[in-house]
1. Output yes when any residue across the stretch B:175-198 is touching a Gly at 6+ places or on another chain (Cβ under 7 Å), farther than 20 Å from A:Gln239 by Cβ and modelled with pLDDT under 95, and no when none is.
2. Determine which single condition B:Lys33 fails, assuming it passes every other condition in (1) among the basic types (Lys, Arg); (2) within 24 Å of the chain's Cα centre (by Cα); (3) more than 24 Å from B:Leu337 (Cα to Cα).
3. Name the residues in the stretch A:177-191 that are of a type in the set (Ser, Thr, Tyr) and open to solvent by 10 Å² or more (accessible area, probe 1.4 Å), would you?
4. For the stretch B:184-228, how many residues meet the condition of being open to solvent by less than 40 Å² (accessible area, probe 1.4 Å), without any contact (Cβ under 8 Å) to a residue 40 or more places away in the chain and within 25 Å of B:Ile305 (Cα to Cα)?
5. Looking only at the stretch B:11-30, which residues are closer than 17 Å to B:Ile51 by Cα and open to solvent by 70 Å² or more (accessible area, probe 1.4 Å)?
6. From the list A:Ile170, A:Ile174, A:Ile194, exactly one residue is over 15 Å from the mean Cα position of the chain (by Cα), open to solvent by less than 10 Å² (accessible area, probe 1.4 Å), at pLDDT 95 or above and at negative phi. Which is it?
7. If the requirement is being open to solvent by less than 20 Å² (accessible area, probe 1.4 Å) and within 14 Å of chain B (Cβ to nearest Cβ), which of these qualifies: A:Leu151, A:Leu222, A:Leu127?
8. So for the stretch A:146-162 (the condition being farther than 18 Å from A:Ile194 by Cβ and under 11 Å from the mean Cα position of the chain (by Cα)), does at least one residue qualify?
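The values are calculated or read from the model by the stated rules, or taken from the named source; none is laboratory data. These figures come from a predicted structure and were not determined experimentally. Counting neighbours? That spans all protein chains shown, and the Cβs are built from the backbone with ideal geometry, glycine included. Ligands, DNA and RNA are excluded from the accessible area calculation, which covers all protein heavy atoms including side chains. Shrake-Rupley method; radii C 1.70, N 1.55, O 1.52, S 1.80 Å.
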Amino acid sequence: MAIIKKLKAVKINQNHLLGIQDLSFSEVSKILDEAKTFIKLNKSESKKMDLLRGKTQINLFFEPSTRTQSSFELAGKRLGADVLSMNIVNSAIKKGETLIDTAMTLNAMHPDIIVIRHQDSGAPNLLAQKVNCAVINAGDGRREHPTQALLDALTIINRRGKIQGLKIAICGDILHSRVARSNIYLMNMLGAEINVVAPKTLLPHSIERLGVKVFTDMKKGLNNCDIVMMLRLQNERMQGSFLPSPREYYEYFGLTPDKLASAKKDALIMHPGPMNRGVEIDTNLADDINRSVIREQVELGVAVRMACLKLFCKRGL
Amino acid sequence: MKEKYLINARIIDPKNNIDEKGGIIIDDKGFIKAVGKKVSIGNVPANEEKIDLDGKILIPGLVDMRVFVGEPGYEYKENFRTLSNAALAGGVTSVVSMPNTSPVIDNVSMVDFLKRRGRDKSRINIFPAASLTINAEGKQMTEFGLLKRKGIAAFTDGVRTVQNPQLMSRIMNFASQSQSLIMQHAEDNILSKGGLINDGEISTRLGLQGIPSIAEKIIVERDLSFLEEYFCRYHISQVSSKKTVSIIRKAKLEGKKFTAGVSINNLSLNENDIGDFRTFLKLSPPLRTESDRLSLIEGVNDGSIDVIVSDHKPEDEESKRLTFAQAATGAAGVETLLPLSLELFHNQSIKIQKLIATMTSNPAKILGIKKGSLDIGNEADLCVLDIDKPWVVKQKELKSKSKNTPIENRKLQGQILKTFVKGNIAFNRV
């Protein structure tokens, strides 16, 4: 955190938060630093601020989401913004309206921020080209989920004080995971060493070019790691068979006490949720308060999203 | 019409191995009467009007083997008139039109319609392709013999591939009787399912599902295996990867008789050009790596690849202003085929004779048509170009009805000045 404090004066130069790839080190530091100030607020009696009073935030979720959508909604409300969560199931999208037309319609209502989740990679980029307000990516296809990576970073920093020099294992369905990609970019930027652990059928092409070491043997991949990030098997994105069975997957890639033993003794377990207990993670490990920081991730998620909303909703501030 | 005398040109005619200063005489019916160095200011009638080409290059009008028209069914994307304008501005005088219209060109009555529309509205030569299978569904073969007799130049499912190996083997077997030309778009649907761009680092970074090059290679290998059993006229529409080039090279060395094409897009661009989800570069086959691109150039140079096509696929703005996954596939390119390919000459990738041959005499030979050369007695379809003229591609200035060029703002060197069809000036740049 020491480095991060020094850079407090840095401004955010981007108009939109589309991905970690677009952020500089100093911008990331600024967001994390800002988020820290909200952690306390979120635990206090009165959680309401008026930083974004008069601002309008639209949540545009084209994919079902529990934690991310409610996290963004709470974050906006706690900052005093007017938050509108669009229910896509009942909207014109279902009547064949294109993303751009929806965007233009919403744009005409003068929102200050649009938070978008979309099943197609690049959808937030397209939206950002067409609207006048800030666009925040809440997950697009398998490309990026920047606020998830940022909240993961904050959780690690909260526990370990730093990320520089840590060894992080990202395990599971890397192929379909935007969380994995954002975390690879972010943790690399913050100086961690990254192992990815997955069966070969769930590894994207040339993943090593993103600056990671690849393991198909989970024990080797976890060896001496400080952080173990588990990913959900994204069955809904899978076309055809990638694995023989959940049972076989659990046997070789599920996080069990036995496999975890090759990581550092105090290694932290993370998961972006929602979890498939007994598929990618042993249910007792997921609930182990000494090892699992899964609930803390959710908690800090609100703080990180408050920081992002504040920093990217710059107009008039 | 009167005889025309085109003088003072550099004539390049790969078929007749001509590259010399000279001229051309077009007779009063629009046929080539004389060509070469003997046609000069000194030995044409002094009182006749002459067209002085000022030392510029004169080549046969281009033959583009892969063009999508839009008639019938997609007239809002491109019709024969707008296609003609675009083609002529690019020096293209003959095209093979793809059958992926609505309805699909899969029966004799559709061919009559096309021929009528082509005759009435088109100012270039249209050589229609019919589909290999009914409705291009890959289930039931079309009437090769009857369609060929009606004037169908080639058979292809266009954007689709015949997946069923049994059907494909029977198609190749049956079509050999009528000597029909089979053109395969090589892509295994199951391997490429859901794929949007080349499978590689870029697809991983953009989070777009990849199309592995093996999806192409496996179909080429399959069809070349069939070719050992059933000898037919077989052409691979577009090769995109290094792996496929080496399969083709090997097969040709072994003496197998078939031909292959490549899109100018795959020769001039690579996956990096997709940048920030530029849907105009969503193509089929997809743009691949730089190493793949270089191997395609090598393939053209050593004869593994015979023709360069534009793969002109006009798509309206509404079909492209979508997320990458939802956007239509394809790029407009008939107008920029020659100028963009000249880049390969200017950067010394491909020699000029070779380059011109891939767009004139080679496709004409594959199709078995009297085009793509300056043979005496051929219709005078000609293209005059300034090979050095620099210009910048501007969407708005393109003649095609759809403006989905993949090379917007690209600086090119070489521009078409005049295009002749059947001896008449059909395009004249002012």
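1. Yes - at least one qualifying residue is present in the stretch B:175-198.
2. Tallying (1) among the basic types (Lys, Arg); (2) within 24 Å of the chain's Cα centre (by Cα); (3) more than 24 Å from B:Leu337 (Cα to Cα), B:Lys33 fails exactly one: (2).
3. Answer for the stretch A:177-191, where residues must be of a type in the set (Ser, Thr, Tyr) and open to solvent by 10 Å² or more (accessible area, probe 1.4 Å): just A:Tyr185.
4. Adding up the residues that qualify gives 7.
5. B:Lys21, B:Asp28
6. None of the others qualify; the one that does is A:Ile194.
7. Only one candidate passes the filter, namely A:Leu127.
8. yes
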